[in-house]
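Visitor: Could you have a look at this structure, given as structure tokens, before my questions?
The values are calculated or read from the model by the stated rules, or taken from the named source; none is laboratory data. Just so we're clear, the structure is a prediction, and the values are computed from it rather than from any experiment. Cβ: placed from backbone, ideal geometry, glycine included. Neighbour counts: every protein chain shown. These accessible areas exclude ligands, DNA and RNA; they are computed on the full protein's heavy atoms, side chains included. Shrake-Rupley method; radii C 1.70, N 1.55, O 1.52, S 1.80 Å.
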Amino acid sequence: MHRTPRPFRRAALGSALAAVAAAVAATLAAPAAVAETDAPSLSTAAPPAVSATVDATLTQRFGHYGDTAGRWTGADSAYSVPLPGGAIAWLYSDTFLGRVNADHSRPADSPFIHNSIVVDRKGTLTTYTGGTAAAPESLVTVAGGDEGKDWYWFGDGTVEGSHLRVMLLHFRKTGDGPFDFAYAGSAVASFDVHSLRLEGVVDRPAGTVQWGSAILEDGPWTYVYGVEDLQATKYMHVARVRTNGLTRAPWQFWTGSGWSADESASGRVMEGVANEYSVSKFQGGYALVTSDATEILSQHVVLYRSSSPVGPFTGKTLLYTTPETSGNVFTYNAKAHPELGDRDTLLVTYNVNSFDTADVYRNVDNYRPRYIDVHLG
């Protein structure tokens with residue numbers, strides 16, 4: 001069965017409604033917390049000059065594969081996780097599959113699923129989905145759910161031993177309209193790191209923060225970033241768990257002054273992040289890369305810096321202005337991929353989509369990630 005895609009996606013939804021929706025959230029209470037004494041503190045460099053160019057290698061690689069392989073033809077999210085042996089797992093949410101027409105359009109009967117993985121093994125790409133090649137399904141589905149009403153979108157991921165862990169965001173339809181869906185919880189999927197076989201799903205306790213916007217491995221801790229999505233306004237939250245303990249060790253939540261075992265104590269770190277972003281170690285500090293969610297349907301990709309993984313993130317710097325943004329076409333969910341950059345360069349991706357579903361069929365490029373090399377020297 002071919003499902004009708006939801007071209008709005010969760011990140012665009014909040015921005016699109018920002019002009020007509022306003023939401024005020026109460027400040028989260030913070031019970032007794034563990035003092036922050038062991039988070040690394042690194043120096044923050046002065047804002048450098050910025051230049052950006054299209055990454056020709058990745059653009060050509062994914063473009064050729066999408067046009068000719070008869071599998072993945074476009075998707076959003078685009079998280080990347082280094083795998084043992086030098087491969088890269090690209091984690092995607094809403095995904096089109098099948099063939100591409102000679103005029104670069106997408107057939108109306110193209111299979112559409114809610115999550116997939118493409119593994120890049122030194123330039124050779126392989127798509128992983130559920131179901132069969134003839135009848136593909138999402139790689140991870142909600143147990144007992146109807147994919148038309150209940151689905152998982154992928155968040156960021158990390159490798160723990162022989163397992164690839166991927167954050168899942170569960171969404172559920174609440175009505176018949178394109179905006180009628182809501183966040184229903186988060187979970188962690190585990191895959192065999194070599195075969196990408198799904199090993200299982202562990203649910204997270206119910207809460208309001210959408211965990212998995214970004215993951216940072218840093219010494220003894222894995223930091224998991226999330227978003228409190230109030231549609232008109234979005235706030236960053238931070239949790240941490242002992243390295244290699246994402247599904248087994250207790251999580252701690254940053255309150256603004258320390259760590260707490262109580263998720264309801266999680267504090268707002270900053271406003272203006274997208275639903276998906278990245279936090280990575282870069283140039284002696286921590287770099288946050290995000291689409292600018294302080295603007296409605298922003299075409300700006302920005303960077304903030306901090307000396308700590310929990311912020312404060314300051315020094316807002318424009319990295320790139322997306323040229324695709326025009327009419328119904330918009331861009332969203334920019335993030336960096338530090339394993340594909342170097343000391344002074346970040347590989348940044350962002351998603352492209354349209355409020356007019358016909359656009360994503362008319363031209364496959366209207367629903368494919370973009371790859372940009374940003375040099376900060």
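Visitor: Step by step: first the residues of the stretch 288-309, then only those that are hydroxyl-bearing (Ser, Thr, Tyr), in a strand (DSSP E or B) and in contact (Cβ under 8 Å) with a residue 40 or more places away in the chain, then the one that is surrounded by the most Cβ atoms within 10 Å (Cβ to Cβ). Which residue is that?
Guide: Thr290
Visitor: Restricting the stretch 108-123 to residues that are open to solvent by less than 10 Å² (accessible area, probe 1.4 Å) and part of a loop (DSSP other than H, G, I, E, B), which is farthest from Ser77 (Cα to Cα)?
Guide: Out of the qualifying residues, it is Ser110.
Visitor: Let me ask something else. Within the stretch 326-344, take every residue that is among the small types (Gly, Ala, Ser) and closer than 16 Å to Leu91 by Cβ and give me the one that is surrounded by the fewest Cβ atoms within 10 Å (Cβ to Cβ).
Guide: Ala336
Visitor: Sticking with this structure for a sec: Which members of the stretch 72-88 meet the condition of being closer than 14 Å to Thr127 by Cβ and either surrounded by fewer than 22 Cβ atoms within 10 Å (Cβ to Cβ) or in contact with a His (Cβ under 7 Å, 6 or more places away or on another chain) (or both)?
Guide: If the condition is that a residue be closer than 14 Å to Thr127 by Cβ and either surrounded by fewer than 22 Cβ atoms within 10 Å (Cβ to Cβ) or in contact with a His (Cβ under 7 Å, 6 or more places away or on another chain) (or both), then Ala87, Ile88 are the ones that fit.
Visitor: Considering the stretch 143-153 alone, what residues qualify as being surrounded by fewer than 18 Cβ atoms within 10 Å (Cβ to Cβ) and either closer than 18 Å to His64 by Cα or among the hydroxyl-bearing types (Ser, Thr, Tyr) (or both)?
Guide: Residues satisfying the conditions do not exist here.
Visitor: State which residue pairs qualify: first residue of a type in the set (S, T, N, Q) and inside the stretch 159-184, second residue outside any strand (DSSP E or B) and surrounded by 16 or more Cβ atoms within 10 Å (Cβ to Cβ) in any location, beta carbons under 7 Å apart, and separation of 6 or more residues or different chains.
Guide: Ser162/Val193
Visitor: Can you spot a residue in the stretch 167-184 that is within 20 Å of Leu246 (Cα to Cα) and β-branched (Val, Ile, Thr)?
Guide: Scanning the stretch 167-184 turns up no residue that is within 20 Å of Leu246 (Cα to Cα) and β-branched (Val, Ile, Thr).
Visitor: Related question: Can you tell me which residue in the stretch 200-217 is farthest from the chain's Cα centre (by Cα), limited to those that are assigned to a strand (DSSP E or B) and buried (at least 17 other Cβ atoms within 10 Å of the Cβ)?
Guide: Filtering first and then ranking leaves Val201.
Visitor: Could you tell me whether the stretch 233-253 includes any residue that is under 27 Å from Val50 (Cα atoms) and more than 14 Å from the chain's Cα centre (by Cα)?
Guide: yes
Visitor: Pick from the stretch 218-252 the residues that are of a type in the set (Phe, Trp, Tyr), open to solvent by less than 20 Å² (accessible area, probe 1.4 Å) and part of a strand (DSSP E or B): which of them is nearest to Tyr92 (Cα to Cα)?
Guide: Tyr225
Visitor: Which one of the conditions (1) within 23 Å of Gly85 (Cα to Cα); (2) of a type outside the set (Gly, Ala, Ser); (3) touching a helix residue (DSSP H, G or I) at 6+ places or on another chain (Cβ under 7 Å) does Val348 fail to meet, given that it meets all the rest?
Guide: (3)
Okay, residues lined up against (1) of a type in the set (D, E, K, R); (2) in contact with a Phe, Trp or Tyr (Cβ under 9 Å, 6 or more places away or on another chain):
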position: Gly226; (1), (2): no, yes
position: Thr247; (1), (2): no, no
position: Arg268; (1), (2): yes, yes
position: Tyr277; (1), (2): no, yes
position: Gln283; (1), (2): no, no
position: Ser307; (1), (2): no, yes
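Visitor: Residues to consider are Val140, Val100; find the one that is surrounded by 14 or more Cβ atoms within 10 Å (Cβ to Cβ), modelled with pLDDT of 95 or more, among the β-branched types (Val, Ile, Thr) and under 23 Å from the mean Cα position of the chain (by Cα).
Guide: Exactly one residue qualifies, and that residue is Val140.
Visitor: Here's a follow-up. Would you be able to say whether some residue in the stretch 168-183 is in contact with a Lys or Arg (Cβ under 7 Å, 6 or more places away or on another chain) and either assigned to a loop (DSSP other than H, G, I, E, B) or within 22 Å of Pro82 (Cα to Cα) (or both)?
Guide: yes
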